[in-house]
1. Could you work out which residue, out of E24, E55, E84, moves most in a Gaussian network model of the chain, that is, has the largest mean-square fluctuation with Cα springs under 10 Å?
2. So, counting K/R as plus one and D/E as minus one, what does the shell of residues with Cβ under 13 Å around K59 add up to?
3. Could you tell me the calculated FRET efficiency between V71 and K11, based on Cβ-Cβ distance and R0 = 30 angstrom, to the nearest 0.05?
4. Could you work out which residue, out of E86, E29, E50, moves most in a Gaussian network model of the chain, that is, has the largest mean-square fluctuation with Cα springs under 10 Å?
5. Divide, for the chain, the radius of gyration over alpha carbons by 2.2 N^0.38 Å, where N is the residue count.
6. Around K15, which amide H atoms from residues at least 5 apart in sequence, or from another chain, sit under 5 Å from its own amide H, with H modelled in the peptide plane?
Amino acid sequence: MEIKNFKPIDKGMLKSVFTVSIPEWGNIEIDCAYFEKGNGSYWINYAVKEYVNKEGKKKSFNQVRWPQAVVDRLSKAIREKVKEEEVKTGFVPIEPSNEEEVPF
């Protein structure tokens, strides 16, 4: 498995976007978004497609569905790769603080 096109974002819980390449699965490539909460919990959105519904609101849906056991193993492996990419790029997520000064 390889992480390609890694882009640190650090916008709220969204930490990065990237493409996962899995040669063992026939060179499949999956666009992903990595989210992490301050308590260390995380999740990965796989191949999300955005669209605008009839009311004009942005919505999204996952284009890929796998059994939970596959998702769990894949998520763990991807998280390890994302952490490696963060080290390589020097990306340091901003830790949320409740003590930030209010600008008004």
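What follows draws every value from the coordinates through simple rules; no lab data is involved. Please read these numbers as outputs of a predicted model, since none were measured by experiment. FYI the Cβ positions are ideal-geometry reconstructions off the backbone, even for glycines, and counts take in every protein chain you see.
1. E55
2. Values: positive: K49, K54, K57, K58; negative: E50, E55.
Here the count lands on +2.
3. Details: r = 24 Å, r/R0 = 0.79.
In this case the efficiency is close to 0.80.
4. Residue with maximal mean-square fluctuation among E86, E29, E50: E50.
5. Taking the Cα Rg and dividing by 2.2 N^0.38 Å, one obtains 1.23.
6. D10, Y34, F35, E36
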